[in-house]
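These notes are about the structure you will find just below.
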Amino acid sequence: MKDKKDNKPKMDKKQEQLEKFKVRDEGETLTTNTGMKVTEDEKSLTAGRRGPTLLEDFHYREKMMHFDHERIPERVVHARGHGAHGTFTCTKSMKEFTKAIIFSEEGKETPLFMRFSPVAGNKGSSDTVRDVRGFAMKFYTEEGNYDLVGNNMPVFFIQDGIKFPDFIHAVKMEPHHDMPQASSAHDTFWDFISQNHETAHMLMWAMSDRGIPRSTNMMEGFGVHTFRWINEDGKSHFIKYHFKPVLGTHSLVWDEAQKISGKDPDFHRRDLWDSIEKGNYPKWEVGVQLIPEKDEFKYGIDLLDPTKLIPEEMVPITIIGKIELNKNPDNFFAETEQVAFHPGHIIPGIDFTNDPLLQTRLFSYLDTQLSRLGGPNFNEIPINRPIAPVYNNQRDGMHRMTINTGQVSYHKNFLKGNDPHESDDEHDYRHLAQKVEGYKTRERSESFDDHFSQAIMFYNSMSEVEKQHIKDAISFELNKCESEEVRQNTVNMIANIDRDLAKHVAEKLDCKVPNVDVKKPEYISPALSQMNTKFTAKGRKALILLSDSSYEKDAENIIDILKKEGCDAEISMPKISDGNKLKVDWAVDTPDSVLYDSIVVMSDKNPDPMFKKKATDFLNDAFSHYKTIAPLGDSINWMENWKTKEPGVLNKDSLDNIAKEIAKHRHWDRKIVK
Ligand code: HDE
């Protein structure tokens, strides 16, 4: 819902609730935590002007005590993250399939908070590392919070959560020296991979371009597991959630991603923050694949196996809503850090399946909040509070906020007329009456045994460019492994996926390719290739470098062309004071080519030497990252001749096409010398 005056989102129920907790101190006097006004905050209390500090200094003591304890444990996985508030709007009523209040009425809006997060790195690591990204949503519905805690890849590395601690120990820093930070390029990760072949499909995703997204706003999201929807008649359907970014799904290239990690480790969070501040609200279409219970076995793919997906071409996605992120948090710690997701936070109309990964997750997420947020009352923290009222007999514990009145705190009771009482409304949540039988066992169904078919499908659904990126990524990562056996074991494993892939890696790393009969792909899924996504110049950013102010007019023209297509432009000159009419964003030694989707240079013959060096580097870097570039004026002579004839290299005659060229994302048909 938008406010007509300034097109800013109107305050929804969650924002109204959060507002009550906000502190604004403009014009206020400094106080202690107990509200006493403070008259001196810069000098501790000492015995004499040059004497020792006194124990009596209660103000210093309180201030330091609070500071000493202001850190909480970071998340054991997904430690680094960024988030925003937004709205989910239902665009197609799904009442027939679910009684979930958020999906049952066209036009219904539900407030939500989303957090995005690489998995392996520490809180202070970088955004553009190769990794899976968390895609977690908390919907604040009138019937309670609904958390959908997904990823930007639709499958997972393991089939059973009992292996999660092993997998995470393998991927995170090695325990003896705490390296490498935020990277899977090391022995223990690849040892785990090559000893656990169920990882094969997810490995293909992680080593593909999906592992290095261009932007939070250009990431596809997935619920991963098969869930259930339950309608008012108690009928169940299997569903899989999909979130399609309106800007398309796009990625960085590996060299660029690594350089960004140094130039701007906050690249993704900054981009999300800036796009919301500018009113370019990130959007996703929300869709589901619906599978009637009777069709559970129709596709030959076990719906309970989280290493498998159902190709969109087999079961099409029905678009049921849209997400718009339209408000940045006011306080990172209070909101993004303290938000506590849990797949078990559900509402009537949603239910689980027996996917063993999902079942085990249901234990972990509550448990982990105890050490992270210090006790069982974390749902009282403002960001976690439901907008639905909460009444129960749970009491006390660390940091309890509510003051529950009265004598009675148990169920059943006579003294309070048995309140709060159980609901007898048919609509409210009841576990699906599912028949379960069997012997207690630590065995898994044979339908979980096929580890390679979908890895083969994924690899073969990629374009040649994407396949090459997977080959390069695996070679790069394995090259960082010290153990020759781990490298060979991995080649042995990927030989089951594609011979050419295994050969490429083996040749680079001096391994042998075993003779494996690779299965033919049973099907391919064009929807998996990012070549088949949406392309637009929206959300992109160009850097225009001017050697002097005589080019300002030309720069304005380009900015106009770009702005019309929703593409931002920043200006750089030798010094920021060089601008005449135009605001200069950067002195030329501050920005970097890798932070932009396109580089335009306008220069005369004798520019400032630093400008010439930087602009040449920027053009060459952008060229080798397949980006649209426009070397204009004398800068055309700073590039090797052959490059200026390559696709996506504009000159003064083709400059009007700049937005169209940027919208292509990358010019993969360019010859790049590697
Ligand atoms: Fe998580 N996961 N996970 N995970 N996960 C956590 O919970 C866990 C898995 C995901 O922004 C932790 O609050 C187990 C799959 C996201 O705060 C922890 C297993 C998927 C986030 C945990 C999995 C996810 C987490 C750490 C295997 C995609 C970040 C902090 C059974 C469907 C949420 C926390 C945020 C976080 C456990 C596998 C997504 C330890 C045991 C599969 C997006 O509870």
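The values are calculated or read from the model by the stated rules, or taken from the named source; none is laboratory data. Predicted model only: the values in this text are computed from it and were never measured. FYI the Cβ positions are ideal-geometry reconstructions off the backbone, even for glycines, and counts take in every protein chain you see.
At-a-glance table
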item	result
Selected residue [modelled with pLDDT of 95 or more, exposed (fewer than 13 other Cβ atoms within 10 Å of the Cβ) and not hydroxyl-bearing (Ser, Thr, Tyr)] from GLY349, GLY406, GLY375	GLY406
Unique match (being assigned to a strand (DSSP E or B), at pLDDT 95 or above and surrounded by fewer than 20 Cβ atoms within 10 Å (Cβ to Cβ)) among GLU556, GLU570	GLU570
Yes/no for GLY344 being within 16 Å of the ligand (Cβ to nearest atom), assigned by TED's automatic domain parsing to the domain that holds LYS240 and within 21 Å of THR110 (Cβ to Cβ)	yes
Which listed residue is charged (D, E, K, R) and surrounded by 15 or more Cβ atoms within 10 Å (Cβ to Cβ), from LYS37, LYS10, LYS99, LYS22	LYS99
Any hit, segment 197-211, residues being within 14 Å of the ligand (Cβ to nearest atom), touching a helix residue (DSSP H, G or I) at 6+ places or on another chain (Cβ under 9 Å), among the aliphatic types (A, V, I, L, M) and not in a strand (DSSP E or B)	yes
Any hit, segment 356-365, residues being among the polar types (S, T, N, Q), under 22 Å from HIS237 (Cα atoms) and away from the ligand (no atom under 13 Å from the Cβ)	no
Output for segment 548-581, where each listed residue is over 23 Å from ILE662 (Cα atoms) and either without any contact (Cβ under 8 Å) to a residue 40 or more places away in the chain or touching a Gly at 6+ places or on another chain (Cβ under 9 Å) (or both)	SER549, PRO574, LYS575, ILE576, SER577, ASP578, GLY579, ASN580, LYS581
In segment 319-341, the residues that are within 15 Å of the ligand (Cβ to nearest atom), closer than 22 Å to TRP284 by Cβ and part of a loop (DSSP other than H, G, I, E, B)	PRO329, VAL339, PHE341
Segment 136-177, residues that are assigned to a strand (DSSP E or B), under 24 Å from GLY211 (Cα atoms) and either more than 8 Å from the ligand (Cβ to nearest atom) or over 17 Å from the mean Cα position of the chain (by Cα) (or both)	MET137, LYS138, ASP147, LEU148, GLU174
Residues satisfying the stated conditions in segment 115-135, i.e. more than 18 Å from VAL288 (Cβ to Cβ) and assigned to a strand (DSSP E or B)	ARG115, PHE116, SER117, PRO118, ARG133, GLY134
Any hit, segment 69-90, residues being hydrophobic (A, V, I, L, M, F, W, C), closer than 30 Å to ILE350 by Cα and more than 16 Å from the ligand (Cβ to nearest atom)	yes
Selection count where residues are touching a Ser or Thr at 6+ places or on another chain (Cβ under 9 Å), of a type outside the set (S, T, N, Q) and assigned to a loop (DSSP other than H, G, I, E, B), scope segment 31-58	6
From the options THR226, THR216, residue that is polar (S, T, N, Q), under 17 Å from the mean Cα position of the chain (by Cα), assigned by TED's automatic domain parsing to the domain that holds ASP295 and within 14 Å of the ligand (Cβ to nearest atom)	THR216
First in segment 250-269 and in contact (Cβ under 8 Å) with a residue 40 or more places away in the chain and farther than 17 Å from MET219 by Cα, second anywhere and aliphatic (A, V, I, L, M) and assigned to a helix (DSSP H, G or I), Cβ under 7 Å, 6 or more apart	GLU256/VAL594; LYS259/VAL594; ILE260/VAL594; ILE260/LEU595; LYS263/VAL594; LYS263/LEU595; ASP264/LEU595
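Listed here are the residues, each with its yes/no results for (1) polar (S, T, N, Q); (2) surrounded by fewer than 23 Cβ atoms within 10 Å (Cβ to Cβ); (3) closer than 18 Å to VAL339 by Cα.
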residue	(1), (2), (3)
ALA79	no, yes, yes
MET94	no, no, no
GLU105	no, yes, no
PHE116	no, no, yes
